[in-house]
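The values are calculated or read from the model by the stated rules, or taken from the named source; none is laboratory data. Small disclaimer: the values here were computed from a predicted structure and weren't measured. We place every Cβ from the backbone using ideal geometry, glycine too, and count neighbours over all the protein chains shown. Only protein heavy atoms, including side chains, enter the accessible area calculation; ligands, DNA and RNA are left aside. Shrake-Rupley method; radii C 1.70, N 1.55, O 1.52, S 1.80 Å.
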Amino acid sequence: MAPAGSCYFSLTLCLVLVCFQGSTDAQLSTNFYAKTCPELFSTVKSTVHSAIMKEARMGASLLRLFFHDCFVNGCDGSVLLDDTSSFTGEKNAVPNRNSARGFDVVDDIKSAVEKVCPGVVSCADILAITARDSVKILGGPNWDLKLGRRDAKTTSRAAANNGIPPPTSNLNRLISRFNALGLSTRDLVALSGGHTIGQARCTSFRARIYNESNIDRSFAQTRQRTCPRATGSGDNNLAPLDIQTPTYFDNNYFKNLVNQRGLLHSDQQLFNGRGSTDSIVRGYSKNPGSFSSDFVAAMIRMGDISPLTGSRGEIRKNCRRVN
């Protein structure tokens, strides 16, 4: 039998290890801020609602920020960091440069949240909440959020360049990238349905409307009117990703794909008449409830990608820079 002192030491060590493990590997939960910031959700929703009322497109931009954040080293708020003289962030990576937007809105939300519960809520969690609220405000589904993420202290522009699938991606590349992050092919299609809101720049779809054959002719001609063939002409002109209801979250995006009216090459790759995702697209085009429920499940899974929890990372005071 071991000496009493040895048993006491072992028990103490075990308790220390358990506590330490709990502090570094804490799990996300739906009631994470219930006691520490009970006004969080109403505070965020109010600011998001005001921003979307000023510009409906902002809802899509905030949803996209969350997507771009999670696809680069996990959902850690790294996409929000500004470049400095000694730090190169993600904002000027190819997928984000002259494209990612909504940073000022996130600043406003963070300031409002800091007033009601200073130093408590991470920028990473704010992105998750704003994405959910944006979808809901624009007519989409609601869901209970898992929170408890902390903010990254660093990031990588190279990771952003390599991690976010470009609009030129083919289906195999899309599936591979999503699978690498633990997201299924069905998740890919459901999350792509986020393109039922928002707009894209001419540079993102010029090649499709002039060079591709699997596109509705009248749709291509409509887009060509504001997106000239020549590079450098009208590059930043915008077109809705969903030509029917660009500011309302519904399943028209999938109806467009079935009719070869996907704006981006990567969009139309989800439905080509013979692909592995055709049946999913067709199903969503006919059953909006199925799309909504799968979109919610996919958003929750995406929000679970490599979060910093416990004692890892930090709670930034300003979303644009580390403390």
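For the chain, what is the relative contact order in percent, using Cα pairs closer than 8 Å and at least 6 residues apart in sequence? Contact order relative to length: 25 percent. Put the Cα centre of the stretch 63-102 next to the Cα centre of the stretch 135-189 and the gap is 13 Å.
Computed from backbone phi, the HN-Hα couplings of the stretch 112-123 come to 5, 5, 4, 6, 8, 7, x, x, 10, 9, 6, 5 Hz, rounded to whole numbers (Karplus: 6.51 cos²θ - 1.76 cosθ + 1.60, θ = phi - 60°; Gly and Pro given as x).
Using a 1.4 Å probe on the protein chains only, how many percent of the accessible area of the stretch 171-302 belongs to carbon and sulfur? With neighbouring chains kept in place, the figure for the stretch 171-302 is 45 percent. Of all the options 249, 32, 66, the one that moves most in a Gaussian network model of the chain with Cα springs shorter than 10 angstrom is 32. Accessible surface of the stretch 39-164, 1.4 Å probe: 46 percent of it comes from carbon and sulfur atoms.
Remark: for residue pairs 91/255; 45/317; 91/115; 54/153; 54/115; 146/255, the C-alpha separation exceeds 25 Å in 91/255; 91/115; 54/153; 146/255. Note on the chain: dipole from Cβ charges, positive end direction compared against 273, 307, 128; the farthest Cα belongs to 273. Result for the chain in a Gaussian network model with C-alpha springs under 10 Å: among 206, 157, 225, the largest mean-square fluctuation is at 225. Counting only Cβ charges, +1 for Lys and Arg and -1 for Asp and Glu, the dipole size of the chain around its Cα centre is about 700 debye.
In deg cm²/dmol, rounded to 500, what helix-only [θ] at 222 nm does the chain give when every DSSP H run of at least 4 residues adds -39500 (n - 2.57) and the total is split over its residues?
Values: 14 runs with 158 residues, N = 323.
Theoretical 222 nm ellipticity from helices: -15000 deg cm²/dmol.
Checking (i) 153; (ii) 166; (iii) 129 against volume of the Cα convex hull per residue in Å³ calculated from these atoms, the matching label is (ii).
Applying the Karplus relation 6.51 cos²θ - 1.76 cosθ + 1.60 with θ = phi - 60° to the stretch 127-136 yields 3J(HN,Hα) values of 4, 5, 5, 5, 5, 4, 5, 4, 4, 4 Hz, where x marks Gly and Pro.
Over the stretch 171-302, what is the mean sequence separation of C-alpha contacts under 8 Å (at least six apart), divided by residue count, expressed as relative contact order in percent?
Numbers: 182 pairs, mean separation 40.7, N = 132.
Relative contact order of the stretch 171-302: 31 percent.
Modelled spin-label separation between residue 31 and residue 56, with each label point placed 7 Å from Cα along the Cα-to-Cβ direction: 3.9 nm.
Hey, what did the stretch 215-291 get for relative contact order, percent, Cα under 8 Å, at least 6 apart? Provide the component values of the computation, followed by the final result.
Working: 68 pairs, mean separation 19.5, N = 77.
Relative contact order comes out at 25 percent.
For the set 284, 248, the ranking by accessible area, highest first and with no ligand, DNA or RNA atoms included, is 248, 284 under a 1.4 Å probe.
When nucleic acids and ligands are ignored and a 1.4 Å probe is applied, residue 137 ends up with an accessible area of around 40 Å². Figure note: 101, 217, 316 ranked by solvent-accessible area, largest first, 1.4 Å probe, ligands and nucleic acids not counted: 217, 101, 316. Packing-based ranking of 138-145, 227-234, 58-65 yields 58-65, 138-145, 227-234, ordered from highest to lowest mean Cβ neighbour count within 10 Å. Surface analysis of the chain yields an accessible area of 46 Å² per residue, using protein heavy atoms and a 1.4 Å probe.
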